[in-house]
Amino acid sequence: MVQHKLPPNQQLAAPGKWPLVGEREADPARRGAPWVVGVEGLVKKPTTWSLDELRAFAQVEQTVDIHCVTRWSRPGARFAGVPLRALLDVCQPLPEARYLSFVARSARGHSTSLSLADALELGVLVALRFEGQPLAPEHGGPVRTVVPGRYFYKSLKWLERVELLADDRLGFWEQEAGYHNQADPWREQRYIVPELDANEARRLLQKRDFSGRNLLGLRAEGRALAGLDARGAQLRNAHFEGTTLKRARFDGANLSNAHFTGANLKGASLAGADCEGADFCDADLRGADLSGASLFGASFVAGDGSRGARLDAATTISPEALEQLTPSQRAYVAACLQGSNP
Ligand SMILES: Nc1nc2c(c(=O)[nH]1)N[C@H]1C(S)=C(S)[C@@H](COP(=O)(O)O)O[C@H]1N2
Ligand SMILES: [Mo]
């Protein structure tokens, strides 16, 4: 097997697997007007291209290592399409243009941004094909951007418009989820530093009620929070290392990339929670309910097989969620659920 060097704290997705992340759009190309991609804003010649016109450019093949912020990686993905640079050459950015906002044809008009300098240096591809086939609609077909060297949230699905701007305009995830605007996986730029007020945090911890709150990056490691009510809370990148969370309720919470290393989650409920990229190594999950939770990129055991979480026959994990785990994670969890791991 080929050895790939992975950025810190990423794991290989199962071979051939490409998880779906973000908004679900059945097939935006099937609704409304024919697809065009426009480049506008601070350019000399705003231009739009139909898909056929994009296909008439010299097509470039590019092999890209995909690194999702929720900790799965898919190295060696082969895309083909038009280098963004070729479109910019036609449109001619004005000297004051310093940022690009990529905007999707999707229900929420999803967007993400890059500096013009980064976009040119990284070699952004306007991709039409994946592994020799037209790009599938669920992965952003008919056309998406692919940005090498950045977490995959900088790669926009269903590209409709590129706007050149003098000032940066934060993208959807960058604004909504606190995702880092630089997004370099080698420097682990997953999140901006949270700005939760220390007094407010203390008060919430005392009350043990986080329900419905946005607590991105909360630091609650080593706390005694048995019975915590965190239903529907936004707890991306929150720290619960070594925390007592017996019978805590995280139903429907967003726990992506949350840190539960060594936490006591006995009898806790994480039903329907987003646990993508969450770390459960060394945690006690006996009797915990993770039914309907999303587990892409989640860890239950270290890469060397140590620090395995405690799960038992009373731990509930749905079969679909098991399928989302990487092969080594899945093997470990499946064995525990069948009672054959200590
Ligand atoms: N339009 C749009 N593009 C998007 C997103 C989204 O929600 N909407 N999510 C981003 C994120 S976080 C990731 S990891 C990748 C996922 O692409 P995939 O579903 O093809 O794996 O798309 C990125 N581009
Ligand atoms: Mo992502």
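Could you pull out the residue among Arg108, Arg98, Arg150, Arg161 that is within 20 Å of the chain's Cα centre (by Cα), open to solvent by 10 Å² or more (accessible area, probe 1.4 Å) and more than 17 Å from Ile66 (Cβ to Cβ)? Steps first, answer last, please.
On the way: Arg98 fails: within 20 Å of the chain's Cα centre (by Cα); Arg150 fails: more than 17 Å from Ile66 (Cβ to Cβ); Arg161 fails: within 20 Å of the chain's Cα centre (by Cα).
Answer to the selection: Arg108.
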- [ ] Give Asp118, Asp52 a once-over and let me know the one that is of a type outside the set (Lys, Arg), without any contact (Cβ under 8 Å) to a residue 60 or more places away in the chain and farther than 21 Å from Gly141 by Cα.
- [x] Asp118
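With Leu235, Leu255 as the choices, which residue is crowded, with 24+ Cβ neighbours inside 10 Å, within 21 Å of His180 (Cα to Cα) and in contact with an Asp or Glu (Cβ under 8 Å, 6 or more places away or on another chain)? It would help to see each step written out before you state the result.
Numbers: Leu235 fails: in contact with an Asp or Glu (Cβ under 8 Å, 6 or more places away or on another chain).
After applying the criteria, what remains is Leu255.
Considering only the range 51-63, I want to know if a residue exists there that is within 16 Å of ligand 2 (Cβ to nearest atom) and either under 26 Å from Cys91 (Cα atoms) or among the β-branched types (Val, Ile, Thr) (or both).
So the first thing to find is which residues in the range 51-63 are within 16 Å of ligand 2 (Cβ to nearest atom), and the list is none.
Looking for residues that are within 16 Å of ligand 2 (Cβ to nearest atom) and either under 26 Å from Cys91 (Cα atoms) or among the β-branched types (Val, Ile, Thr) (or both), one finds none in the range 51-63, hence no.
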Open item on the list: Report every pair of residues separated by at least 6 positions or lying on different chains whose Cβ atoms are under 6 Å apart, first residue within the range 72-85 and hydroxyl-bearing (Ser, Thr, Tyr), second not in a strand (DSSP E or B).
Closed with: Ser73/Leu6; Ser73/Gln10
Task: Top-ranked residue in the range 1-26 [being in contact (Cβ under 8 Å) with a residue 24 or more places away in the chain and on the phi > 0 side of the Ramachandran plot; ranked as farthest from the chain's Cα centre (by Cα)] - done: Asn9
TODO: Scan Asp312, Asp304 and give me the residue that is open to solvent by 20 Å² or more (accessible area, probe 1.4 Å), out of contact with any helix residue (DSSP H, G or I) (no Cβ under 6 Å at 6 or more places or on another chain) and closer than 15 Å to Asp289 by Cβ.
DONE: Asp312
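How do the strands (runs of 3 or more DSSP E) wholly within the range 49-155 filter down when requiring 3 or more residues that are within 29 Å of Ala278 (Cα to Cα) and in contact with a Phe, Trp or Tyr (Cβ under 8 Å, 6 or more places away or on another chain): which remain? If you could, list the steps in order and put the result at the bottom.
Details: elements: 60-67, 72-83, 99-104, 111-115, 125-130, 144-146.
By residue number, 60-67, 72-83, 111-115, 144-146.
The values are calculated or read from the model by the stated rules, or taken from the named source; none is laboratory data. If you're wondering where the values come from, they're calculated on a predicted model, not measured in any experiment. Positions of Cβ are generated from backbone atoms using ideal geometry, with glycine treated the same way; all protein chains shown enter the neighbour counts. Note: areas computed on protein heavy atoms with side chains; ligands, DNA, RNA excluded. Shrake-Rupley method; radii C 1.70, N 1.55, O 1.52, S 1.80 Å.
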